[in-house]
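K.L.:
Just dropping this structure here.
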Amino acid sequence: MRTLLIIANWKLNGNWSFNEAYASAFSSGLKDVDVTGRQIVICPPSIYLQQLNALILNQDIYFGGQDLSDETAGAFTGEISGVMLKEFGCRYVLVGHSERRVRHQESNEIVVRKALNAISAGLIPVICVGETLEQRQSQQMHEVLSSQLDAILQGLGEQVEQVVLAYEPIWAIGTGQTASAEQAQEVHSWLRERVGKKSHSMAQNLQIIYGGSVKSDNTKQLLNMPDIDGLLVGGSSLVVSEFLSICQVNEGI
Ligand code: PEP
């Protein structure tokens, strides 16, 4: 039985006063939400982790970083290590988000190094994979996903048991164009099958979450799918009422 995971990715959003208002509304709204059997994670910009950690005092809410360095310490200006994120209360960290793969030229090798650093620091890496619209339309989707996934399987070996996989079709991120529940399920089940070629139990235990324009009105269809174990939510996570609705939607009709 895989636990349901709902992750808020704030990206480059939030500021001191926004965070205060968010934390207060979120904490009081959460009293009416049944989070049994699910984990809820907030990934704010790292600089605000301490502030939010102090404001959201709820043992059911976890924190995560949006990225970490592929190095552990030294002369790497601007970088943040897994150990630092852990020290600031993180349990999770996003790795290989497409916005980083594209804008920061993060290769599969860098993604693997980051995931390994996260695990060594005691964090759970949420490793993102996904294809562009051109790749999907030109039937290259499986090739792209295989290269991303195979790098993870080879680079992490048995440690794949300690990660979460996030399928985020790039064409659905921040575009309002969600993959249909069926499209997402098809890829999730394909990814699980591919992991299953390495190890059946690893595949069965692996949490594979979906991200890409998730909203409260498409949450239920997505979570009803057998291979969708949670959601990575960008834009909608910045609106407290919307994010709370997503957190409380129950899968299963
Ligand atoms: C994301 O940030 O990973 C994401 C899926 O964003 P959005 O929900 O805004 O598409």
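Just so it is clear, none of the values below were taken in a lab; they were calculated from the coordinates. Predicted model only: the values in this text are computed from it and were never measured. We place every Cβ from the backbone using ideal geometry, glycine too, and count neighbours over all the protein chains shown.
K.L.:
Give, as residue ranges, the strands (runs of 3 or more DSSP E) completely inside the stretch 1-92 that count at least 1 residues that are touching an Asp or Glu at 6+ places or on another chain (Cβ under 7 Å) and more than 29 Å from Arg103 (Cβ to Cβ).
P.N.:
By residue number, 4-9.
K.L.:
Run Thr175 past the list (1) surrounded by fewer than 17 Cβ atoms within 10 Å (Cβ to Cβ); (2) away from the ligand (no atom under 16 Å from the Cβ); (3) of a type outside the set (Asp, Glu) and report the number of the one that doesn't hold.
P.N.:
Of the numbered conditions (1) surrounded by fewer than 17 Cβ atoms within 10 Å (Cβ to Cβ); (2) away from the ligand (no atom under 16 Å from the Cβ); (3) of a type outside the set (Asp, Glu), the odd one out for Thr175 is (2).
K.L.:
Here's a follow-up. Return the residue satisfying two criteria in turn: it lies in the stretch 104-125 and is buried (at least 20 other Cβ atoms within 10 Å of the Cβ) and over 18 Å from Val83 (Cβ atoms), and of such residues it is nearest to the chain's Cα centre (by Cα).
P.N.:
Across the stretch 104-125, the extreme among qualifying residues is Val111.
K.L.:
Still on this structure, I have one more. Could you give me the residue pairs with C-beta distances under 9 Å whose first residue belongs to the stretch 224-253 and is at positive phi and surrounded by fewer than 23 Cβ atoms within 10 Å (Cβ to Cβ), whose second residue is in a loop (DSSP other than H, G, I, E, B) and not acidic (Asp, Glu) wherever it lies, and which are 6+ apart or on separate chains?
P.N.:
Cβ pairs passing all conditions: Gly252/Asn224.
K.L.:
Can I ask one more? Within the stretch 18-54, take every residue that is in contact with a helix residue (DSSP H, G or I) (Cβ under 7 Å, 6 or more places away or on another chain) and acidic (Asp, Glu) and give me the one that is nearest to Leu94 (Cα to Cα).
P.N.:
Among those residues, the one meeting the criterion is Glu20.
K.L.:
Any residue in the stretch 183-193 that is over 20 Å from Leu133 (Cα atoms) and within 16 Å of the ligand (Cβ to nearest atom)?
P.N.:
No, because not a single residue in the stretch 183-193 is over 20 Å from Leu133 (Cα atoms) and within 16 Å of the ligand (Cβ to nearest atom).
K.L.:
Further, regarding this structure: Given the criteria under 22 Å from Leu12 (Cβ atoms) and within 16 Å of the ligand (Cβ to nearest atom), does Leu85 qualify?
P.N.:
It is false that Leu85 is under 22 Å from Leu12 (Cβ atoms) and within 16 Å of the ligand (Cβ to nearest atom).
K.L.:
Then there is this: Looking at Thr132, Thr219, can you tell me which residue is farther than 20 Å from Arg101 by Cα and surrounded by 14 or more Cβ atoms within 10 Å (Cβ to Cβ)?
P.N.:
Thr219
K.L.:
What residue, of Ala179, Ala166, is closer than 14 Å to Gly212 by Cβ, part of a loop (DSSP other than H, G, I, E, B) and either of a type outside the set (Lys, Arg) or free of Cβ contacts under 8 Å to residues at least 24 places away in the same chain (or both)?
P.N.:
From the options Ala179, Ala166, the qualifying one is Ala179.
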